[in-house]
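The values are calculated or read from the model by the stated rules, or taken from the named source; none is laboratory data. Fair warning: this is a prediction, and the values are worked out from it, not measured in the lab. All Cβ positions, glycine included, derive from the backbone under ideal geometry; neighbour counts span all protein chains shown.
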Amino acid sequence: MSPTRFEPLHQPEQSRYVLLDRGENGAGAKEIGEERYLDVEGAGPTERILYHTVVSPAYKGQGLASVLVRFAVEDAIAAGHAVVPVCPYVAAWLPKHPEYAEHVVPPKPAHLQALDARL
């Protein structure tokens, strides 16, 4: 996997992260993955609820969902946010990466209510 072929980007105006495939030569740009989120105010830092992760089935088995989630988690932490793993993929990914544990807030009913209100 070429380091420049797959590029994660933050699209804050759409409350999502995307993963682009720029092709073998880096000349194309096709969206192949997405991580959706919702920011909610908590008692401390803003809590970023990661609630939907998807990568195109054509790219299955390449570790690209992990690339996208790592980017989203690191970006949220860099912005001073806590991470709330509602998406099953993110919830399974985070325990495998304990270096982020201090930034994780377990989902609470208020998080799910905020998502229900938005969706």
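Laid out as a table, the results:
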| quantity | calculated |
| --- | --- |
| Criterion: β-branched (Val, Ile, Thr) and within 23 Å of Glu99 (Cβ to Cβ) - qualifying residue of Val55, Val40 | Val55 |
| Matching entry among Pro85, Pro107 (being surrounded by 11 or more Cβ atoms within 10 Å (Cβ to Cβ), farther than 22 Å from Arg5 by Cβ and within 10 Å of the chain's Cα centre (by Cα)) | Pro85 |
| Verdict on Tyr59 being touching a strand residue (DSSP E or B) at 6+ places or on another chain (Cβ under 9 Å), in contact (Cβ under 8 Å) with a residue 40 or more places away in the chain and of a type in the set (Ser, Thr, Tyr) | no |
| Which numbered condition Gly80 fails, given (1) surrounded by 15 or more Cβ atoms within 10 Å (Cβ to Cβ); (2) assigned to a loop (DSSP other than H, G, I, E, B); (3) at pLDDT 95 or above | (1) |
| Residues that are in contact with a helix residue (DSSP H, G or I) (Cβ under 9 Å, 6 or more places away or on another chain) and at pLDDT 95 or above, drawn from region 1-14 | Pro8, Leu9, His10 |
| Ala91 being part of a helix (DSSP H, G or I) and either surrounded by 15 or more Cβ atoms within 10 Å (Cβ to Cβ) or in contact with a Cys (Cβ under 8 Å, 6 or more places away or on another chain) (or both) | yes |
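Conditions tested, residue by residue: (1) in contact with a helix residue (DSSP H, G or I) (Cβ under 6 Å, 6 or more places away or on another chain); (2) surrounded by 11 or more Cβ atoms within 10 Å (Cβ to Cβ).
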{"position": "Tyr17", "(1), (2)": "yes, yes"}
{"position": "Leu20", "(1), (2)": "no, yes"}
{"position": "Gly28", "(1), (2)": "no, yes"}
{"position": "Thr46", "(1), (2)": "no, yes"}
{"position": "Val54", "(1), (2)": "no, yes"}
{"position": "Pro57", "(1), (2)": "no, no"}
{"position": "Lys60", "(1), (2)": "no, no"}
